[in-house]
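Just below is one structure, and these are the notes that go with it.
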Amino acid sequence: MFTHIVSPVDGSYGSLAALEKVVAIARAFDSRVTLVYVVDPYPFTGVGTEFAYGQDEYLNAARAEGRAALDLAVQRLEEQGIKPDTRVVESHAIWRGVTDVIDEVGADLVILASHGRRGLERLLLGSVTQSVLAHTHVATLVVRQTPEEASKASADAPGAQA
């Protein structure tokens, strides 16, 4: 039924938890899997040569962060016998980077996490999941975090206070 699954990964607890669904469905349908990390190439603005140097540093760091998040996700899938393809892509809108990969690889299912933002936080940060749902033409499985999982993920995050 599903021949190719795309799953965006950002290194968060939610995106890693969504991999459980990726494994289950990929095994059930013998699906190919592509994991994607999207980098926004212009998250800030500036003027002059200092901006160009800062932009290069930012892009290199963002790509390295993407590769690290993908490496962790690949490790988890390979432990379950799934060999995914990976992509680090650049897009001004994360949702567009995800939907572009869906179209490029001919995926017929996207599995992604919802971080469960509400209120002002959602208004300010937007919802990548909602935008993917609005702009993709393929089946979409949204994996939501429970409030307990979100609290645990925040407590387990690097630099969290005990």
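Please treat every number below as a calculation from the coordinates, not as lab data. Since the model is a prediction, treat every value here as computed from it, not as a measurement. Methodologically, a virtual Cβ is constructed for each residue, glycine included, from the backbone with ideal geometry; neighbour enumeration extends over all protein chains shown.
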Completion exercise
Most packed first (mean Cβ within 10 Å per residue), the peptides 59-72, 84-97 order as 84-97, 59-72
Handout entry: Relative packing of 22-28, 36-42, which averages over residues the other C-beta atoms within 10 Å, highest first
Key = 36-42, 22-28
Exercise for the section: Quickly rank 130-142, 102-114 as a protection proxy: mean count of other C-beta atoms within 10 Å, highest first. Expected result: 102-114, 130-142
Exercise for the section: Please compute the net charge surrounding Leu72, taking Lys and Arg as +1 and Asp and Glu as -1 over other residues with Cβ under 13 Å from its Cβ. Expected result: -3
Handout entry: Under Karplus coefficients 6.51, -1.76 and 1.60, residue-wise ³J(HN,Hα) of the range 60-68 in Hz, glycine/proline x
Key = 4, 5, 5, 5, 5, 4, x, 5, 5
Practice task
Return the long-range amide H neighbours of Ser91 (sequence gap of 5 or more, or a different chain), with a cut-off of under 5 Å between placed amide H atoms.
Solution key: Val39, Asp40
